[in-house]
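Read-outs throughout are calculated quantities, based only on the coordinates presented, and are distinct from any laboratory measurement. If you're wondering where the values come from, they're calculated on a predicted model, not measured in any experiment. No Cβ is skipped: glycine too gets one built from the backbone with ideal geometry, and neighbour counts run over all protein chains shown.
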């Protein structure tokens, strides 16, 4: 009997402690792990909020761009319609004041109009626009022999005024003017008038 009792205790001992005979252990939660999990959750939430905010900002910018495009198209259409000189002037000034890329593009396209009345007003508007693209466009029109004398002379006048505003002298611009204006042309006559009136250089002077 003693042996049997001893065998039962021997059998029960390992069973109580687990398969390997060691006492089972209860896992204690790691505070650090809980903190890391909470941090990951907060980061995910912040990322989601940031993504939503970026998407909203993109939609706002897209809406503004579309509105600017629609506004520029409407103003350009008014210029091309029979709005009269005053109506075109108001629409062109609206485009110039907007100053965005679509409005500038619209003015340049109007400056290329085959209708000299529209082109002249658009070219004059470019002359009041203070950006490098306006100067480049004015130069290209003044140099374009396929354009009418009216368009070229208006462009030359506007460009020379901008050059003077930027501190250029007649010597700085005379090379371009000589390349564009043929002897006895209206463009040459316009250049001579601007040379005296704007740059203060008498005929034969170089500065």
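Which members of the range 81-103 meet the condition of being in a helix (DSSP H, G or I) and either surrounded by fewer than 16 Cβ atoms within 10 Å (Cβ to Cβ) or in contact with a strand residue (DSSP E or B) (Cβ under 7 Å, 6 or more places away or on another chain) (or both)? If the condition is that a residue be in a helix (DSSP H, G or I) and either surrounded by fewer than 16 Cβ atoms within 10 Å (Cβ to Cβ) or in contact with a strand residue (DSSP E or B) (Cβ under 7 Å, 6 or more places away or on another chain) (or both), then 84, 85, 86, 87, 89, 90, 93, 97, 101 are the ones that fit.
Within the range 146-168, take every residue that is within 32 Å of the chain's Cα centre (by Cα) and outside any helix (DSSP H, G or I) and give me the one that is surrounded by the most Cβ atoms within 10 Å (Cβ to Cβ). Only one residue fits best here, namely 147.
I need the full set of residues from the range 104-115 which are farther than 14 Å from residue 89 by Cα and assigned to a helix (DSSP H, G or I), in order please.
Residues of the range 104-115 farther than 14 Å from residue 89 by Cα: 104-105, 108-109, 112-115.
Result: 104, 105, 108, 109.
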